[in-house]
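Worksheet: the structure to be examined is printed underneath.
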Amino acid sequence: MVEEIRKHLTEDLLPFWKNLRDDARGGYIGYVGYDLKRDPEAERGCILNSRILWFFSNAFLTLGDPSALNEADHAYQALLAMIDPCNGGVYWSMNGDFTVYDPTKHTYNQAFAIYALSAYGRASGKKAPLEQAKALYRLIETQCKDAGGYLEAQTADWKPMSNEKLSENGVMASRTMNTLLHVMEGYTGLYEATGDPEVRASLYEIMDTLETKIWNPEKRRQEVFFDADWHTLIDLHSFGHDIETSWLADHTLDVLGDEALTARIRPLLLAMADETLKLAYTEGNGFSAEMERGKVDTTRVWWVQAEALLGFLNAWQRTGEERFHKAAESQWSYIRDHVIDRRCGEWHWSLHEDGTPTGKPIVEPWKCPYHNGRMCFEVIKRLQA
C-alpha cells in the first residue's frame with residue numbers, strides 16, 4: 001500500500017497541482033470543472049490556497065522535493081495577498097485578479113491559514129510565516145471567541161454575522177464541531193512549529209470542549225451543530241468528521257505529550273473509530289458520508305474516504321486490532337480503483353454508492369489537495385521502512 005500511495009502522490013497529485021500554478025496573476029487557478037476545463041477568472045478560495053500552501057510545504061517536509069518548496073513559496077505569496085491589510089485576518093475568497101470577492105472573516109478560514117503558515121515556516125526555515133501564524137492565533141483568541149468558546153463568522157471588521165458558510169442540513173449554527181476541529185488542527189501545527197506555551201494552553205481548552213461539549217458518550221459520536229449554549233441542533237452523525245477526529249485529535253495528544261490527558265481522551269477517539277467502522281464502512285465499497293435522523297447518506301465523498309483510511313490506520317496502530325488494518329487496506333483499494341480520476345490524477349469529488357461519479361468539480365473553493373495529500377503523507381510517514 002505505501003509504495004502505491006507514494007507513487008500516486010509523486011506521479012498524480014503533485015503534477016496536477018503544479019500544473020494549476022498561475023504565474024501571470026499569482027496563486028493557483030481556483031476552478032476546474034468535471035469536464036476538466038479550467039477557469040482562471042473563477043473565485044479563488046482562501047481556504048483552497050491555504051490548503052495548497054500546506055500541501056506543498058508538507059510535500060517538501062515528507063519527500064525533500066525542492067520543487068515542492070518552490071511551489072510553497074509561490075502559494076505563500078498568494079496567501080499574503082489574501083490577508084486584510086487594515087483589519088488583519090484572512091478573507092474568505094478573492095477574485096481571479098486578487099481583488100476581494102468575499103470579505104468574510106471566518107474562524108475556520110483563519111485556522112487553516114495558521115495550519116498552512118506553520119507548515120511553511122517549518123519547511124522554509126523562515127521566521128515571518130510563524131510570526132504571521134501567531135498574529136492570526138491572537139486574532140482568533142481575541143475576535144473569534146467569547147466566554148462560551150469559539151465563534152464562527154465575522155465581517156471584515158470583526159463584527160458577528162450569520163454562519164451560512166459552515167451551517168448545513170437546514171440549521172443555522174452558532175458553534176460547530178467542524179470549526180473547533182480545525183482550530184485544534186491549526187493550533188497543533190503552530191505548537192509543533194514554535195512550542196508556544198499560549199498555544200499549548202489553548203489546545204487544552206479545546207480538548208476540554210471536545211470531551212465535555214462535543215462528544216456524545218451515549219451515541220459514541222460527536223455532535224455537529226450547536227446554538228450559542230452548546231445545545232445540539234440536529235440528530236446528525238457525521239461519519240467523516242468522526243473518523244477524521246479519531247486520528248487528528250490523537251496526533252494532538254502526541255504533540256502535547258500529557259499522559260493523563262491522553263488516558264482520558266484517547267478512549268473516546270478509539271470509540272469514534274469503532275462506531276464508524278460499524279455504521280459507515282462497507283468492505284470493498286468505501287465509507288458513507290453521514291447519517292441524519294437515522295437515514296444514512298451513502299455518497300462516497302473524496303475527503304471522507306481519505307480520512308477513513310487514516311482513522312482506521314491510526315486505530316490499528318494504537319490497538320493492534322486486525323479489523324482496523326484490514327479496513328484501512330480496503331479503503332486504499334477502493335480509492336485506487338474508484339475515487340482517483342484517471343483522466344487527471346486528482347480525485348473525484350464524490351461517487352454514488354454504485355461507484356459512478358456525481359459529476360461535481362475537480363477543483364473549487366473546497367476541493368483541494370489537503371485530505372488526499374495528507375493521507376499520502378501520513379501513510380508514508382507511518383508505514384515506510
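The values are calculated or read from the model by the stated rules, or taken from the named source; none is laboratory data. On a predicted model such as this, the values are computed, not experimentally measured, just so you know. All Cβ positions, glycine included, derive from the backbone under ideal geometry; neighbour counts span all protein chains shown.
Tabulated values for the structure
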{"read-out": "Qualifying residue in the stretch 138-145 (condition: closer than 26 Å to residue 203 by Cα, out of contact with any strand residue (DSSP E or B) (no Cβ under 9 Å at 6 or more places or on another chain) and assigned to a strand (DSSP E or B))", "value": "yes"}
{"read-out": "Those residues of the stretch 148-166 which are assigned to a strand (DSSP E or B) and either in contact (Cβ under 8 Å) with a residue 12 or more places away in the chain or touching a helix residue (DSSP H, G or I) at 6+ places or on another chain (Cβ under 6 Å) (or both), in sequence order", "value": "149, 150, 153, 154"}
{"read-out": "Residues within the stretch 1-48 that are part of a helix (DSSP H, G or I) and in contact (Cβ under 8 Å) with a residue 60 or more places away in the chain, tallied", "value": "15"}
{"read-out": "Qualifying residue in the stretch 258-274 (condition: part of a loop (DSSP other than H, G, I, E, B) and either touching a residue at least 40 places away in the same chain (Cβ under 8 Å) or closer than 13 Å to residue 207 by Cα (or both))", "value": "yes"}
{"read-out": "Residues of the stretch 303-323 that turn out to be touching a residue at least 24 places away in the same chain (Cβ under 8 Å) and surrounded by fewer than 22 Cβ atoms within 10 Å (Cβ to Cβ), as a count", "value": "4"}
{"read-out": "Residues that are over 15 Å from residue 365 (Cα atoms), out of contact with any Asp or Glu (no Cβ under 8 Å at 6 or more places or on another chain) and not acidic (Asp, Glu), drawn from the stretch 76-106", "value": "76, 77, 80, 81, 83, 85, 86, 88, 89, 99"}
{"read-out": "Criterion: at pLDDT 95 or above, on the phi < 0 side of the Ramachandran plot and over 22 Å from the mean Cα position of the chain (by Cα) - qualifying residue of 343, 336, 300", "value": "343"}
{"read-out": "Only one of 211, 259, 223, 244 that is of a type in the set (Asp, Glu) and touching a strand residue (DSSP E or B) at 6+ places or on another chain (Cβ under 7 Å)", "value": "223"}
{"read-out": "Selection count, the stretch 92-119, where residues are assigned to a helix (DSSP H, G or I), under 24 Å from residue 31 (Cβ atoms) and hydroxyl-bearing (Ser, Thr, Tyr)", "value": "2"}
{"read-out": "The stretch 10-33 - residue that is among the charged types (D, E, K, R) and either under 22 Å from the mean Cα position of the chain (by Cα) or buried (at least 18 other Cβ atoms within 10 Å of the Cβ) (or both) and, of those, farthest from residue 45 (Cα to Cα)", "value": "12"}
{"read-out": "Test: residue 169 is in contact (Cβ under 8 Å) with a residue 60 or more places away in the chain, within 24 Å of residue 287 (Cβ to Cβ) and surrounded by fewer than 17 Cβ atoms within 10 Å (Cβ to Cβ)", "value": "yes"}
{"read-out": "Residue, nearest to residue 274 (Cα to Cα), within the stretch 327-385, restricted to residues that are of a type in the set (Val, Ile, Thr) and surrounded by fewer than 18 Cβ atoms within 10 Å (Cβ to Cβ)", "value": "380"}
{"read-out": "Hits in the stretch 282-302 (condition: of a type outside the set (Gly, Ala, Ser) and surrounded by fewer than 21 Cβ atoms within 10 Å (Cβ to Cβ))", "value": "282, 283, 285, 291, 292, 293, 295, 296, 297, 298, 299"}
{"read-out": "Among the candidates 42, 75, 81, residue that is touching a Gly at 6+ places or on another chain (Cβ under 9 Å) and either crowded, with 22+ Cβ neighbours inside 10 Å or modelled with pLDDT under 95 (or both)", "value": "75"}
{"read-out": "Close pairs from the stretch 106-128: first farther than 16 Å from residue 69 by Cα and in contact (Cβ under 8 Å) with a residue 24 or more places away in the chain, partner of a type in the set (Phe, Trp, Tyr) and not in a helix (DSSP H, G or I), Cβ under 7 Å, at least 6 apart", "value": "106/92; 107/150; 109/92"}
